[in-house]
Structures are given as C-alpha cells and as structure tokens.
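J.: A single structure is presented below for examination.
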Amino acid sequence: MPTPLVEVDALSREYRLGDFVVPALRGVSLSIFKGEFVAVMGPSGSGKSTFMNLLGCLDLPSSGTLRLNGQDVARLDPDGLAALRNRNLGFVFQSFNLLPRATALENVELPLLYAGVHAAERHRRAREKLQQVGLGERIHHLPRQLSGGQQQRVAIARALVNDPPLILADEPTGALDTRTSQELMSVLQELNDTGISMILVTHEPDIAAFAKRILVFRDGQVVEDRAVAMPQRARSMLEGTA
Ligand code: ADP
Ligand code: MG
C-alpha cells in the first residue's frame with residue numbers, strides 16, 4: 001500500500017462554550033490516497049468544516065491523530081507544520097478570498113512571495129497556473145473585473161502554485177450558478193486527471209456526482225463512505241453529450 005495523503009484515526013474536536021461542550025467531530029477514522037476525488041456531504045452543523053479545518057492544519061484536534069503524507073502533524077513545530085502545509089495542501093474557499101487590489105497574477109504569486117521565490121520565477125509559475133485554469137488572457141485583471149467563476153479559477157490557480165498533491169475546497173461552488181459550477185467542476189476534474197487529489201465539501205448532490213468517493217457526515221461522525229461507480233464528467237455535461 002502507498003502512504004495515504006491523509007490518514008486520520010479517532011479524530012475528535014470539541015468546542016467549549018462556557019459550561020457547554022459542543023462535540024463537533026466525534027472519532028473519525030479514514031484514509032485518502034493519491035488520485036482520489038472525495039465529496040464531503042452532510043447537513044449544516046454536521047462537522048464538515050471542522051473536519052476540513054483539521055485536515056488543513058488550520059485547527060488542532062482535541063484527540064486522535066492526523067497524518068499528512070505520512071507525517072503526524074502533532075509532532076511538528078510551527079515551522080515544520082507550515083512547511084508541510086505548503087508542500088502538500090492547496091486551499092479553495094466559497095468566498096474566493098482574493099486580495100481586491102491585486103491582479104489575478106499577483107494573487108496567484110502570493111504564496112510564492114511568502115516562500116521567498118524570486119520575481120521572474122514567481123511570474124512564470126503563476127502565469128502557467130492561470131493558463132492551466134483557462135485564465136491566460138486575464139492575468140492583469142483585478143478580481144472585481146472578473147466574474148465569480150473566473151475569480152474562483154484564480155483561487156484554484158493560487159492553490160496550485162506550489163504544486164501540492166492535494167486540494168481542499170470548502171463549498172467552492174457555493175456562490176456560483178449551475179453552469180459556472182459545472183465549469184469549475186470540469187477544471188477540478190481535469191486537475192484530478194493529472195493526479196492531484198481533491199477533497200471538496202458540498203451539500204449539492206449534483207456536485208457530489210462529479211466525485212469518485214462520497215463521505216456523509218452526521219452529528220460529527222462519518223455515517224456513509226462509498227465509491228461512486230461512474231462519476232459524471234462535467235466537461236461532457238457542458239458540451240451536452242451526457
Ligand atoms: P458544517 O460545516 O457541517 O456545517 P461545522 O463543522 O461548522 O459544521 O460545525 C459542527 C458543529 O460545531 C456545529 O454544531 C457548530 O455549531 C459547532 N462549531 C463549529 N465551529 C465552532 C466554534 N468555533 N465554536 C463553537 N462551536 C462551533
Ligand atoms: Mg461548513
């Protein structure tokens with residue numbers, strides 16, 4: 001067996017609110033391997049975002065373990081954790097989270113700026129990723145000069161710029177209309193075809209139908225974990241051949 005990209009064992013997270021304890025995640029154990037495309041589903045409040053925040057090392061578990069690419073995140077110091085995240089993870093959010101006064105190119109370059117990559121190399125890599133998501137002609141546009149779908153592509157290019165093996169996306173189509181959502185899913189599927197793994201939260205069955213595996217959360221636990229026999233291809237739907 002290859003090393004899982006994500007391996008969680010008895011992962012739990014509780015929030016304390018005064019005298020109350022909210023068990024947001026209750027003992028989740030599973031592995032996710034290279035090449036998977038996982039949709040995370042479940043009702044509001046079932047623990048999906050808590051799970052994603054733990055996978056993204058944006059939050060720490062109350063108990064249980066998380067290994068990313070074989071490394072136990074609890075054993076790393078802050079620098080080690082930051083390095084592990086930069087090497088392994090890209091993030092896409094529902095609200096795009098772009099800097100409004102920076103161009104598409106500058107937004108995508110940002111993670112490389114933090115990593116100390118020099119300017120020419122930053123431009124080259126950011127431009128390449130924008131071309132990969134179909135925005136090669138719009139690199140000098142500001143976010144407000146782009147549609148919602150185009151802004152989300154900029155966010156995907158930014159998530160890709162360090163060449164991570166795994167993208168975490170929390171409701172990336174939540175702010176997009178149906179057709180734009182399908183276009184975005186076709187971008188994610190084409191990236192997945194190149195071997196990049198995806199973990200994507202959605203509450204829309206139409207979006208989950210593009211995934212290869214579906215996890216359903218309820219009350220902080222995984223109540224269903226199933227493979228999708230024949231995932232829909234977003235590209236064929238857009239071209240009207242499915
Ligand atoms: P989902 O993303 O599936 O809607 P969340 O993971 O956001 O669910 O929330 C799971 C549970 O944890 C909910 O009951 C929610 O109210 C609670 N919760 C989430 N974040 C916090 C927080 N920062 N403080 C207290 N409770 C929280
Ligand atoms: Mg959520």
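The values are calculated or read from the model by the stated rules, or taken from the named source; none is laboratory data. In this text, all values refer to a predicted model and were calculated from it rather than measured experimentally. Methodologically, a virtual Cβ is constructed for each residue, glycine included, from the backbone with ideal geometry; neighbour enumeration extends over all protein chains shown. Ligands, DNA and RNA are stripped out before the accessible areas are found, and what is left, the full protein with its side chains, is counted by its heavy atoms. Shrake-Rupley method; radii C 1.70, N 1.55, O 1.52, S 1.80 Å.
J.: Quote the relative contact order of the range 96-237 in percent (integer), defining contacts as alpha-carbon pairs under 8 Å separated by 6+ residues.
T.: RCO, the range 96-237: 20 percent.
J.: Let me ask another. Would you work out what percent of the accessible area of the chain, with all protein chains in place, is carbon or sulfur (probe 1.4 Å)? Working shown, then result.
T.: Numbers: 5960 of 12000 Å².
Roughly 50 percent, rounded to a whole number.
J.: Okay, next question. Largest first, please: the extent of the C-alpha atoms of the range 150-223 along each principal axis, to the nearest Å.
T.: Here the Cα extents, ordered largest to smallest, are 35, 27, 19 Å.
J.: Another question, then. Report the trypsin sites (Lys or Arg not before Pro) located in the range 69-123 that are in a DSSP loop and have at most 12 other Cβ atoms inside 10 Å of their Cβ, or state none. All intermediate terms of the calculation are to be shown ahead of the outcome.
T.: Values: sites: 75, 85, 87, 101, 122; in loops: 101.
Hits after loop and neighbour filter: 101.
J.: Give the Rg/Rh ratio for the chain, taking Rg as the radius of gyration of the Cα atoms and Rh as the Kirkwood radius, to two decimals.
T.: For the chain, the value is 0.97.
J.: Could you calculate the FRET efficiency of residue 120 with residue 193 from 1/(1 + (r/R0)^6), where r is the beta carbon distance between them and R0 is 22 Å, rounded to 0.05?
T.: Values: r = 30 Å, r/R0 = 1.35.
FRET efficiency, residue 120 to residue 193: 0.15.
J.: Separate question: Shape call for the range 1-118 from the C-alpha gyration tensor, a ≥ b ≥ c root eigenvalues: rounded (a/c under 1.5), prolate (a/b greater than b/c) or oblate?
T.: Verdict is prolate for the range 1-118.
J.: How much accessible area per residue does the range 89-229 have, counting only protein heavy atoms and a probe of 1.4 Å, in square angstrom?
T.: 45 Å²
J.: Just the number, please: Stokes-Einstein D of the range 82-183 in µm²/s, Kirkwood Rh from C-alpha pairs, 37 °C, 0.692 mPa s.
T.: Translational diffusion coefficient: 243 µm²/s.
J.: Please enumerate, by chain and number, the lysines with C-alpha under 19 Å from the C-alpha of residue 48, excluding those fewer than 8 residues away in the same chain.
T.: 212
J.: So, one more: Can you tell me which lysines have their Cα less than 23 Å from the Cα of residue 129? Leave out same-chain residues fewer than eight positions away.
T.: Straight-line reach from residue 129, under 23 Å: 34.
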